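The values are calculated or read from the model by the stated rules, or taken from the named source; none is laboratory data. These numbers were taken from a predicted model, which means no experiment stands behind them. Cβ coordinates were reconstructed from backbone atoms using ideal geometry, including for glycine residues, and neighbour counts include every protein chain displayed.
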Amino acid sequence: MTTKLMGQKVQRTEDQRFLRGQGRYVDDVHADPSTLHAAVLRSPHAHARIVDIDMSDVLDVEGVHLVWTHEDLGSLSPELAEPLPLLIPHPDLTQGRTQYALAREEVNYVGEAVAFVVAEDRYIAEDALDRIKVTWEVLPAVVGIEASRAAEHLVHEDVPDNVGARSEQNTGDVEAALARAPHRLQLELDIERSACTPLEGRGTVARWDADTNRLQVWTSTQTSTGVRAAIAVKLGLDLGQVDVITPDVGGGFGVKVMHPWPEELLVPAAARLLGRTVKFTEDRREHFISSAHERGQVQHIDVGFDDEGRIVGLDVMFWHDHGAYTPYGLIVPIITSTQLLGPYKPEVYRVVFESIYTNTVIVTPYRGAGRPQGCFAMERTMDKIAAYLGKDRTEVRAANFIQPDEFPFDQGLIFQDGRELEYDSGDYPASLEKLKKLIGWEEFPALREELAAQGRTVGIGLACYVEGTGVGPYEGAHVHIETSGKVKVATGLTTQGQGHATVFAQLVADELGVRFEDVEVVTGDTRRMPYAVGTFASRAAVMSGSAIHLAAKRAKEKALRIASDALEVDEADLEIVEGVVRVKGSPESRLDLGTIAVLSNPLRYAFDEASKAATQFAVGDPGKPPVAEDDEPGLEGKDFYSPQRATFASGMHAAIVETDPDTAEVTILKYAVVHDCGHLINPMIVEGQIHGGVAQGIGGALYERMAYDPSGQLLNASFMDFLMPYVTEIPDGIDIDHLETPSPLNPLGIKGAGEAGVIPVSAVVAAAIEDAEGFPITAMPISPSDLHTLRQEHTS
Amino acid sequence: MKPAPFAYHRPTTLAEALETLAGESYAKVLAGGQSLVPLLSMRIAAPQALVDINALPGLDTIEVSEAGVRVGALVRHADLLADPDVRRVQPLVPAALAHVAHPTIRNRGTTVGSIVHADAAAEMPVVLSLLGGSVEAASSTGTRTIPADELFLGPLESALRPDEIATSAFFPALPAGAGVAFEEISRRQGDYALAGVAVVVHGDSVRAGFVSVSDVPTVVDLTGVPDDGLGEAALAHLDPADDIHATADYRAQLVRTLVRRVVTKAREAAA
Amino acid sequence: MSEELHRIRLSVNGVTREAEVPARRLLSDALRHDLGLTGTHVGCEHGVCGACTVLVDGRPVRACLMFAVSAVDTEITTVEGLTREDGSLGPVQQAFAECHGLQCGFCTPGFLTTVTACLRENPDPSHEEAREMVAGNLCRCTGYQNIVKAVERAAEIARAEETPSEARPEEVSR
């Protein structure tokens, strides 16, 4: 009997390729000398007008095939000369602005694309960039939230006060609630910019096939269908002329869901014009100065609460630095403003945010997408309430939890997908109990005392979060059983390391009753599944997982129907085991799925032994059409999954940190995670996602930030100075416990897991440092130098 | 991030190398390349020619005598670090080398190259200074010995002339009864230090070299300074600066902490 | 003016390969674009991330910090060279699969080459030594937990292969 693979630690199929060096990442596609290479001239100024671009020296460079500035774009396609799309419009985004594929008259951040070169190789393309002479009129730069709010200078002349959007949501009269609350506190918080920084940057390869008048594009993206639609519109092609294939992707974490990047349009345009394969591979410096950042927010919180710490009124105002343009709309601040509430139910909540312009790189979602900031705001508030009341921090949280019998729980807000923020399920008190045990919450005071006797300083902190995962609108899947019995599965969203080829194959093997080894999954190829949304918001398992489960069910239904005809037994008496349909109780009466696939497709021509059996003189009732009116040939199943709303995963983290009394170095001694993403498909992969998220969170809490100077130069645009952690900076061991509260919203009871690990880390680490040091930690990330400065301030 | 074009020479004798170097108007010597190649790839440096000395014979030797350790220009950090005789004769060399970047970089990077790169944030220039070592420089007109205290002229600026190749560095042996120690603090393990301290204690003499807290590798004589005054005495000769990773005040705090720790360790080693 | 090309012979994974490259061609690019060995990945081109790590004369070296013209007279091993002749995975590769030591797989080749060389030098690392072996390579996906496990597991597999009677492949569900 086949055991269910759902819930098993199945080893990943994709690893066989990766471990042999046979992964196919975008820079590996057409890695041969005939491919041409692109490079982009990027603005050296944060804010400047382009007076003149002199390219006279460039075309002399041997090996240069093409140089474009904005002036050249209109003749390629009128749409290409227009601003890039504003992907997610919102009524509150009254002053949305997007950049051009190549800057037209003005640049608004260091790194903005100004000119585009295609040459024999990347070396020569960079030589050509060195010869482009741009005359600039440098304008005052607006850098940082404070400067943007002061609005002494404007990023865009026609955007007053640098405010792109002002948005408000409330669940009642917060001022009245605050007025009646027995206690009130205020907090001012600050989170700096960071970025996804996948090990593989962006990249695009395009090939124009003049024989078929079609464009083929490989791009390192989190949404192949999105890129495809954008290319078609911008290059004036029919959608049917464009194929977008997502090769192996070397990490995404959000930055690759932004699209189309200028190069995703310019490379295909160049390939079409030149009739040659053209490749753009972003380098590391470019990734820092031209790919998206996130996280930068300043927050003001006013909270009213009762003697138990229950929140009566919560009034939040925050300023979100969205950089120079708003191509991704208000998604990040909307998520902060809604997911801030976490597992809690304040009586009345009001949130107002301003999404503001600065002369810096654009801001689009980075793993967590605004939730780390929201969690920071809420959890720092909880800690401050507890300190004020002299209560245990876990008690104050427990007093505010939504209880298990209160689901579904409507928070009374509108979420990022335009739908009600209604939590589907969860058990927060149970999570907290698990976490306290895992970290040793009750035992900590004794530990602290013991270490203090040795002259060591330690602190403990915790934070809770709820994460809306698996947002719509939909995903689809196609399952095709070949006459060999092999099962080919396609879903449209893309993969960047989550093990989709494995977990989706687990689902198909389970539902269809085939061997895991016989299932092959393809993601992100618009030739195989043209309808899809993308991989973001921890949605792949929920959305494509559910769609694949449903599509496998369709294929199974068809297989059983055909088998029931052929074997002349009732469908209910059939089962599929290891790829064979057999009669329950008499397994000798059987048909393998390959044979059923043959039978499903009446043929005129035979090409092998199997297909002979399906030719016109071999099968079929001469009195009926070979394919029934309501049927179609082939053993396939296709379905889409489109839930009414997102499903809500949750979790809680805690850490014990040590701070060095002399050097202010911070060491995480213990890190504990309790995680609830409903049923687990593959616990090994879920834990891997948590490990990675926590490490990214530690990076964000203690090491990584974007260091802009006042003129808008990014001072740490390298891995030398942007301090992504090595193993030596990550705790040796992350303790994980799972709770499995199934989602009622999808057939598998699953919730997303991709982003969870990163969300509460800054809040946890800040709380633990605060506990160790005895003064408030209100700004993250925090370096030893920052902590040293705080110590000086608090002792003087 | 690709280098600009350059002419490439791979001489097989030192004489040929020196002649080639003398004939180029702007050439760089390529040994390990672990500092040079990133500068070329970022086009921060764009020399017209590279003289690759990796094929020169005889420069990859470590000569250990009772007088000290002579390190050839092609000796990789990793080999010097692993050499038991070096450890015996001058333990400060391996103590500091263990902090030079990551092992993979040490497999290719050369100690002599690191010294003549003259980076005050690097470990080996200050170790050479503290030990009173020297560098042997050759040019088409002859050879000369540059003592460490004449080698480091300014930030990333050494006394090596453009037509010279540093063929070896010499680290004097540790006198009997002396003790050494090295410690540094960096943001991530393997990063350039925010501050680092090397100490040699010999009898009453206490001398310390400092990493990343001055423009040039700086050695301070701390002989006779009471333990609680070590930090301030050192800081009087140093000039820690603000950067994106740390404030000057924090670096000063690290100097105070490290110098006490490292002097103590060096005394223990001497005992 | 066209750039001078150098005809070079590189010995990669035991095979001598010829290429014609300009002096400035980085070894990483020569391996990938001139020799088609795309298993070596380029993550930063300034020597920090370690994705491009290959073995030069058996020692881990950043391929992005070497010029191809300077790599003549050396023996280079890339990730492709870690797979056995019969196509099966070597001990380090096996261990990474068993321990889920990779996610997107982009940094993985640099880890595999580095760990292979380190285990040759120290076949029985302590836990702390296992962590040190991978301390110069960046991974953005895994949080390193399973990579360290994989190093320890690889040592176990390699030792078991030395003494076949002790071979005990970890239980694998598929």
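Is there a residue being β-branched (Val, Ile, Thr) and over 30 Å from C:Cys49 (Cα atoms) anywhere in the range B:173-188? Yes; the residues of the range B:173-188 include at least one that is β-branched (Val, Ile, Thr) and over 30 Å from C:Cys49 (Cα atoms). On the stretch given as the range A:527-553, residues that are out of contact with any Leu (no Cβ under 9 Å at 6 or more places or on another chain), more than 24 Å from A:Gln416 (Cβ to Cβ) and in a loop (DSSP other than H, G, I, E, B) total 2.
Annotation note: Cβ proximity below 6 Å between a residue of the range A:171-193 that is outside the structural domain of A:Ile414 (by TED's automatic domain parsing) and a residue that is of a type in the set (D, E, K, R) and surrounded by fewer than 17 Cβ atoms within 10 Å (Cβ to Cβ) (sequence gap 6+ or interchain) occurs for A:Pro182/A:Asp306.
Among the candidates B:Val135, B:Val93, the residue that is within 25 Å of C:Ala135 (Cα to Cα) and aliphatic (A, V, I, L, M) is uniquely B:Val93.
Looking across the range C:14-43, the residues that are in contact (Cβ under 8 Å) with a residue 60 or more places away in the chain and surrounded by 21 or more Cβ atoms within 10 Å (Cβ to Cβ) come down to C:Gly39, C:Thr40, C:His41, C:Gly43. What are the residues in the range A:347-375 that are farther than 19 Å from A:Ser167 by Cβ, touching a strand residue (DSSP E or B) at 6+ places or on another chain (Cβ under 7 Å) and not acidic (Asp, Glu), if any? Once the filter is applied, which keeps residues that are farther than 19 Å from A:Ser167 by Cβ, touching a strand residue (DSSP E or B) at 6+ places or on another chain (Cβ under 7 Å) and not acidic (Asp, Glu), the range A:347-375 yields A:Thr360, A:Val361, A:Tyr366, A:Cys375.
Pairs under 8 Å by beta carbon, first residue free of Cβ contacts under 8 Å to residues at least 12 places away in the same chain in the range A:421-443, partner of a type outside the set (Val, Ile, Thr) and assigned to a helix (DSSP H, G or I), six or more apart or different chains? Listed by first residue and then by second, the contacts come to A:Glu442/A:Lys436.
Listed here are the residues, each with its yes/no results for (1) surrounded by fewer than 19 Cβ atoms within 10 Å (Cβ to Cβ); (2) touching a Pro at 6+ places or on another chain (Cβ under 7 Å); (3) at the interface with chain C (Cβ under 10 Å from one of its Cβ atoms); (4) among the β-branched types (Val, Ile, Thr).
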residue: B:Leu21; (1), (2), (3), (4): no, no, no, no
residue: B:Leu40; (1), (2), (3), (4): no, yes, yes, no
residue: B:Asp52; (1), (2), (3), (4): no, no, yes, no
residue: B:Pro57; (1), (2), (3), (4): yes, no, no, no
residue: B:Thr61; (1), (2), (3), (4): yes, no, no, yes
residue: B:Ser65; (1), (2), (3), (4): yes, no, no, no
residue: B:Val71; (1), (2), (3), (4): no, no, no, yes
residue: B:Pro84; (1), (2), (3), (4): yes, no, no, no
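The single condition among (1) surrounded by 22 or more Cβ atoms within 10 Å (Cβ to Cβ); (2) within 22 Å of the chain's Cα centre (by Cα); (3) farther than 30 Å from A:Tyr726 by Cα that A:Thr204 does not meet is (3). Restricted to the range A:265-301, and to residues there that are more than 25 Å from A:Ala369 (Cα to Cα) and among the basic types (Lys, Arg), the residue that is surrounded by the fewest Cβ atoms within 10 Å (Cβ to Cβ) is A:Arg276. Cβ-Cβ contacts under 6 Å between residues 6 or more apart (or on different chains), taken from a first residue in the range A:62-81 that is assigned by TED's automatic domain parsing to the domain that holds A:Glu126 to a second residue that is of a type in the set (Phe, Trp, Tyr), are listed as A:Trp68/A:Phe116; A:His70/A:Tyr100. Checked against the criterion of being outside the structural domain of A:Thr495 (by TED's automatic domain parsing), under 24 Å from A:Trp68 (Cβ atoms) and among the hydrophobic types (A, V, I, L, M, F, W, C), the candidates A:Val303, A:Val242 yield just one match: A:Val242. For the residues A:Ala701, A:Ala767, the requirement of being within 14 Å of chain C (Cβ to nearest Cβ) and either modelled with pLDDT under 95 or outside any loop (DSSP other than H, G, I, E, B) (or both) singles out A:Ala701. Scanning the range A:717-748 for residues that are within 21 Å of A:Leu199 (Cβ to Cβ), without any contact (Cβ under 8 Å) to a residue 24 or more places away in the chain and either small (Gly, Ala, Ser) or assigned to a loop (DSSP other than H, G, I, E, B) (or both) yields a count of 3. Applying the criterion of at least 1 residues that are small (Gly, Ala, Ser), more than 25 Å from the chain's Cα centre (by Cα) and more than 14 Å from chain C (Cβ to nearest Cβ) to the strands (runs of 3 or more DSSP E) found wholly in the range A:1-80 leaves A:36-42, A:48-54. Scanning the range B:86-98 for residues that are crowded, with 21+ Cβ neighbours inside 10 Å and either part of a loop (DSSP other than H, G, I, E, B) or within 14 Å of chain C (Cβ to nearest Cβ) (or both) turns up just one, B:Gln90. Considering only residues in the range C:1-24 that are farther than 21 Å from A:Asp60 by Cα and of a type in the set (Ser, Thr, Tyr), the one that is nearest to the other protein chains (Cβ to nearest Cβ) turns out to be C:Ser11.
Out of the residues in the range A:774-796 that are within 24 Å of A:Pro445 (Cα to Cα) and either surrounded by 20 or more Cβ atoms within 10 Å (Cβ to Cβ) or aromatic (Phe, Trp, Tyr) (or both), which is nearest to the other protein chains (Cβ to nearest Cβ)? Among those residues, the one meeting the criterion is A:Leu787. In the condition set (1) over 19 Å from the mean Cα position of the chain (by Cα); (2) outside any strand (DSSP E or B), C:Arg9 is compliant with all but (2). Assess whether B:Thr264 counts as being out of contact with any strand residue (DSSP E or B) (no Cβ under 7 Å at 6 or more places or on another chain), surrounded by 15 or more Cβ atoms within 10 Å (Cβ to Cβ) and not charged (D, E, K, R). Yes. Exactly one residue out of C:Glu132, C:Glu98, C:Glu85 is at pLDDT below 95, more than 30 Å from B:Val51 (Cα to Cα), more than 12 Å from the chain's Cα centre (by Cα) and charged (D, E, K, R), and it is C:Glu85. Restricting A:Ala566, A:Ala559, A:Ala551, A:Ala555 to those that are touching a strand residue (DSSP E or B) at 6+ places or on another chain (Cβ under 9 Å) and over 30 Å from A:Leu680 (Cα atoms) reduces the list to A:Ala566.
The numbered conditions (1) in a strand (DSSP E or B); (2) surrounded by fewer than 24 Cβ atoms within 10 Å (Cβ to Cβ) are all true for A:Ile356 except (2).
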